[in-house]
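See below for the structure under consideration.
What follows draws every value from the coordinates through simple rules; no lab data is involved. Remember, it's a predicted structure, so these values are computed and weren't measured experimentally. A quick note on method: Cβ atoms are made from the backbone with ideal geometry, for glycine too, and the neighbour counts reach across all protein chains shown.
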Amino acid sequence: MKPLFSSLQGLIHSIRARLVLWFALILAVVLTLFSVIVYFSQVHDLRSEMVDRLEGRMEDLEHTLRSSDSVSIDTADLAESDVLVLFNESGQMTFHWGPLSETQITSLVQARLSEPTETILYRDVSSGERQTTYGFMLSPRMSEQKISGFVLIGAPLDPGERLEKLLITLFLGSLVTLTVALLGGFWLADRAMRPVADITRTARAISETDLSHRLNLNQRDEIGQLADTFDAMLSRLEAAFARQRQFTADASHELRTPLTIVNLEVNHALAAPRKSAEYQRALRVIQAENEFMSELVNDLLLLARMDAGQGAPTRERHDLGDLSLEVLERLSPLAARRQVQLEAGDLPETPVLGDRQYLIQMLTNLVENAIKYSTRADRAAVVQIETGTSEDGTQAWVRVSDNGPGIPAEHLPHLFERFYRADAARTAHDSDASTSGSGLGLAIVQWIANIHGGDVRAKSRLGEGSTFMVHLPLAK
Ligand code: ADP
């Protein structure tokens, strides 16, 4: 009982059933309207046909009555269902033929036997068990401008029973049409909805660990579009999950190296009594690794916040030139230590709307990279920062360039990916935390540029140096 009930409930709640039921309902209304119109136009036709018939007969009758001038009617001409009644000028019945009783006739013509005009009347008359609608015509007989009597003639409205046949035809026709429409509609809706069941099944089969299922419906209708959208969404989800897995793996990997180094140093220092210089060396290594880890964790937190859509930037007016000078000042100790010459190029007023903290971080990452990666044996390293506005006056730009060894072309498209390093071997940690990198710096630069409505591009020539250029909308 229960499965039947639940499958019935399922059917009622299915789009298929609702579609078909609505369709059938509309069709039923249309068929009913159609039948009503056809029926009444038939009634109208029957009535006008009958009036024509009665008028014809009345004319014949008047002719006979006038020529014979008596009340001798040849009843052989009359059918059993016909009605013919004659009245004299004072309204008394002088002749009577047909299925109507005298009282019925009196009630029919009552009060009308003084009107000098022709009247059409309809009444239901029962003859035997059947009720038949009759039409009557009551007409005054005139002689010398005076009413000399009345004639009442009548006949069944629908002698051939056309109305009854029409009703049966309309009813059966509607029934058959509705049945065919219901069955056909259900079949069509079932066909149209089958891909939806496929989509549901696939969606159920998808788990977080396996996003490789696709519908591949290859249909060009709405359902096909839905399936394509669904497939595209799955692809995006799969890619997003893969990125996330990669991100977690990379982050753990990055943290594992410094943790291992710290562990080794501590174990080594504790294994036996050491000289104080050795302890100092160990502590410096631990300090460097610690700094690296703090920076990495900060970067990871920032990335996590930006992935979660948090950390929307404030929009205050800042001058990119001023911010650049500030960053140069802050990084000059690092540059001095690395023997890199920091230069401020042209820094005209370049107003942008943005978040001071983010903009400073963006510039710091770029200048820091330039300092870190520009050291070379053959000439003095120079890092330059410049700002300016585009010719059409819509864009502000800041350019950080160095004369370092440059970046091989195959790395350029990937520089802004998370954890990407152009030269993995070189970035293995040394004791100076400032030279180590986790590959997150440029990803953060790109994110900051993007949330300010701008972008960042890298250009580089091997042996000549690299240039990073950020474009941001110019504040009015
Ligand atoms: P990292 O934390 O390793 O510096 P970034 O995302 O800042 O990560 O940079 C990614 C990689 O791009 C770096 O590992 C480095 O190889 C390369 N790179 C970035 N800036 C420069 C530059 N000015 N000159 C040469 N290589 C650079």
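So here's what we get for this one:
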read-out	value
Ratio of the Cα radius of gyration of segment 313-473 to 2.2 N^0.38 Å, where N counts its residues	0.99
Helix-only CD estimate at 222 nm, as mean residue ellipticity for the chain, using -39500 (n - 2.57) per DSSP H run (n ≥ 4)	-18500 deg cm²/dmol
Calculated FRET value between I26 and A79, using beta carbons and R₀ = 35 Å, to 0.05	0.15
Square roots of five times the Cα gyration tensor eigenvalues for the chain, Å	109, 29, 17
Inverse mean reciprocal Cα-Cα distance (Kirkwood Rh) of segment 360-406, Å	11.8
Cα-centre dipole for segment 316-360 with unit charges at Cβ (Lys and Arg positive, Asp and Glu negative), debye to 20	320
Rounded Å value of the spacing that divides the Cα centres of segment 219-273 and segment 146-162	99
Charge dipole (the chain, unit charges on Cβ, about Cα centre) - positive-most of L138, L415, T32	L415
Per-residue ³J(HN,Hα) for segment 128-141, Karplus 6.51 cos²θ - 1.76 cosθ + 1.60, θ = phi - 60°, Hz, x for Gly and Pro	x, 8, 9, 9, 10, 7, 10, x, 10, 10, 10, 10, x, 9
Computed FRET value (nearest 0.05) for Q310 with Q244, which takes r as the C-beta separation and R₀ as 22 Å	0.85
Coil-residue trypsin sites (Lys or Arg not before Pro) of segment 303-400, DSSP, other Cβ within 10 Å capped at 10	R379
Axial C-alpha extent at least 27 Å, average Kyte-Doolittle at least -0.5 - helices from the chain (DSSP)	15-68, 162-205, 222-271, 276-307
Magnitude of the charge dipole, the chain, Cβ model with Lys/Arg +1 and Asp/Glu -1, debye to 20	2600
Computed FRET value (nearest 0.05) for D392 with A17, which takes r as the C-beta separation and R₀ as 45 Å	0.15
Sequence-separation-based contact order of the chain, relative, with Cα cut under 8 Å and 6+ spacing, percent	9
Contour minus Cα-Cα distance for D52 and S127 (0.36 nm per residue)	24.6 nm
From phi via Karplus (6.51, -1.76, 1.60), per-residue ³J(HN,Hα) for segment 380-386 in Hz, x at Gly/Pro	5, 7, 10, 10, 10, 10, 9
Listed residues T314, V297, L8: farthest to the positive end of the dipole of the chain (Cβ charges)	V297
Positive-end residue, segment 222-305 charge dipole about Cα centroid, Cβ charges, pick of H253, N263, F241	N263
Gap separating the Cα centres of segment 1-57 and segment 364-378, nearest whole Å	85
Label-point gap, in nm, between Q341 and D322 - each point 7 angstrom along Cα→Cβ	3.0
Share antiparallel - DSSP beta bridges, the chain, percent rounded to 5	90
Share, in percent, of DSSP beta bridges within segment 281-402 that are antiparallel, nearest 5	70
